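The values are calculated or read from the model by the stated rules, or taken from the named source; none is laboratory data. Computed from a prediction, not measured in an experiment: that's the story for all the values here. Cβ placement follows ideal geometry from the backbone for every residue including glycine, while neighbour counts extend to all protein chains displayed. To get the accessible areas, we keep the full protein, side chains included, count just its heavy atoms, and leave off ligands, DNA and RNA. Shrake-Rupley method; radii C 1.70, N 1.55, O 1.52, S 1.80 Å.
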Amino acid sequence: MKIDLFNEIQNPGPAPEQFRFRQALDQARLADELGYGCWWQVEHHGAGEFSLSSAPELMLAALSQQTSRIRLGHAAVLAPGRFNHPIRVAERAATLDHLSGGRVELGLTRSTIPEWNLFGIEPADARAQTAEAFEMVPKMWTTDRFSHTGEHYDVSDVSIIPKPLQTPHPPLWQAAASPTSFEEAGRRGVGVLGTTIWESIDRVARMIDLYRAAAAQCTSPVGSFVNNQVAYFTFVHCAETDEQAMRNGAAAAAAWYTVTALRFFNAAAEFAATMQRHQDILAAGGSGLTGEFLRAEVDAAPTAAQLVIGRIIQGEDVPEDEVFEVLSAQQSLIVGSPDTCRKKLRAYADLGIDRLMCLQQIGPIGADEVMTSIRLIGELIPEFDRS
């Protein structure tokens, strides 16, 4: 399992925005020195203190000039056209590939309700436009003259340049949170980017199995090859001792992230939409891999984490310690001493995760404490990444 870094450029306190960008650059340089596999940068808009990463392509370009080994992942480009036209996605990623010496990993995602509303995107169009982008981008990279006629885009015989430095092209990924999206990613032949933060380790294992089964059935990937890889991001904070990790504010940071993320993503509306899609699948007979997955969950009792998340969605002010304890009990978080973190990392490696994206600059944890955490986790990398 490769150990990566995942970054939102969060700004939950009085620190100037400039400080947060400088902090991210410092973290990336350290990660490059320590042998982290990839730096993953998100794209969010209108996110307030949750994320300053509204122009990740610029951040990644800056990182390409200050690092030499670490790969640079866009996790993920918001793919509907009002966010990013597929031609611009292909051009920017290929340019970054040259600037970085061939280190790009490109993810695509359809985003969620608040960002659709901000950019005037019809929810019904988001999935179809994302699907077209997945078809278009790798073909733009690998053909001299590109043409495409689809529901949302019509391009006739143009030269899209530059082509990427990597051949045949950078690995493709899809950010996913639901069983439907995990199956989609596998059937497209692209890697899947998920989150463990609110998932039990048992459900993560089942989601991985769902993706692997779909990827195994992929005979016509959208790109030139099947990128059969699973990456998950989770909250990681390592200190010299378990007690120090808690004194550094790990519980407050995990709770802050949970509450802030659920509010930003309008989790209540997104949850309702997801449940409706699941009901539609089951009502139609529940065929396919996702149908089998959902049928296995129909009669399952809600987990403690799901109950806490439900309370937060309904507006309840759940105590920080309770949020942390519930998430920790289902092994959602990696917090503690190097030995404690080693054991938690091993549990995810044993599931067959290919890349664990460690979210370490999170909430109110101090800059020095984040750098210490990155260094301590970096010292564990040789135990997991033997490539």
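Any residue that is touching a strand residue (DSSP E or B) at 6+ places or on another chain (Cβ under 6 Å), of a type outside the set (A, V, I, L, M, F, W, C) and under 22 Å from residue 220 (Cβ atoms) - is there at least one of those in region 108-122?
Scanning region 108-122, I find at least one residue that is touching a strand residue (DSSP E or B) at 6+ places or on another chain (Cβ under 6 Å), of a type outside the set (A, V, I, L, M, F, W, C) and under 22 Å from residue 220 (Cβ atoms), so the answer is yes.
Just the residues that are open to solvent by less than 30 Å² (accessible area, probe 1.4 Å) and either out of contact with any helix residue (DSSP H, G or I) (no Cβ under 6 Å at 6 or more places or on another chain) or among the hydroxyl-bearing types (Ser, Thr, Tyr) (or both), please, taken from region 34-51.
Listed by number, the residues that qualify are 36, 37, 38, 40, 42, 44, 51.
What number goes with the only condition from (1) touching a residue at least 40 places away in the same chain (Cβ under 8 Å); (2) assigned to a helix (DSSP H, G or I); (3) open to solvent by less than 40 Å² (accessible area, probe 1.4 Å); (4) closer than 20 Å to residue 178 by Cα that residue 108 does not pass?
Among (1) touching a residue at least 40 places away in the same chain (Cβ under 8 Å); (2) assigned to a helix (DSSP H, G or I); (3) open to solvent by less than 40 Å² (accessible area, probe 1.4 Å); (4) closer than 20 Å to residue 178 by Cα, the lone unmet condition for residue 108 is (2).
Tell me, which residue of region 341-387 that is over 21 Å from the mean Cα position of the chain (by Cα), open to solvent by 20 Å² or more (accessible area, probe 1.4 Å) and more than 30 Å from residue 49 (Cα to Cα) is modelled with the lowest pLDDT?
Once the filter is applied, the top-ranked residue is 387.
Within region 333-346, can one find any residue that is out of contact with any strand residue (DSSP E or B) (no Cβ under 8 Å at 6 or more places or on another chain), assigned to a loop (DSSP other than H, G, I, E, B) and under 21 Å from residue 203 (Cβ atoms)?
No: zero hits.
How about region 22-45: which of its residues are part of a helix (DSSP H, G or I) and farther than 19 Å from residue 369 by Cβ?
Scanning region 22-45 gives a single hit, 32.
Looking only at region 182-212, filter to residues that are among the hydroxyl-bearing types (Ser, Thr, Tyr) and surrounded by 23 or more Cβ atoms within 10 Å (Cβ to Cβ); which one of those is farthest from the chain's Cα centre (by Cα)? Reasoning before the result, please.
Within region 182-212, the subset among the hydroxyl-bearing types (Ser, Thr, Tyr) is 195-196, 200, 211.
From the residues that got through so far, the ones that are surrounded by 23 or more Cβ atoms within 10 Å (Cβ to Cβ) too are 196, 211.
Values: 196: 10, 211: 15 Å.
Filtering first and then ranking leaves 211.
Looking only at region 146-180, count every residue that is open to solvent by less than 10 Å² (accessible area, probe 1.4 Å) and part of a helix (DSSP H, G or I) and tell me the total.
Selection size over region 146-180: 1.
Name every residue in region 187-203 that is hydrophobic (A, V, I, L, M, F, W, C), within 24 Å of residue 41 (Cβ to Cβ) and at pLDDT below 95, in order of residue number.
Across region 187-203, the qualifying residues are 197, 198.
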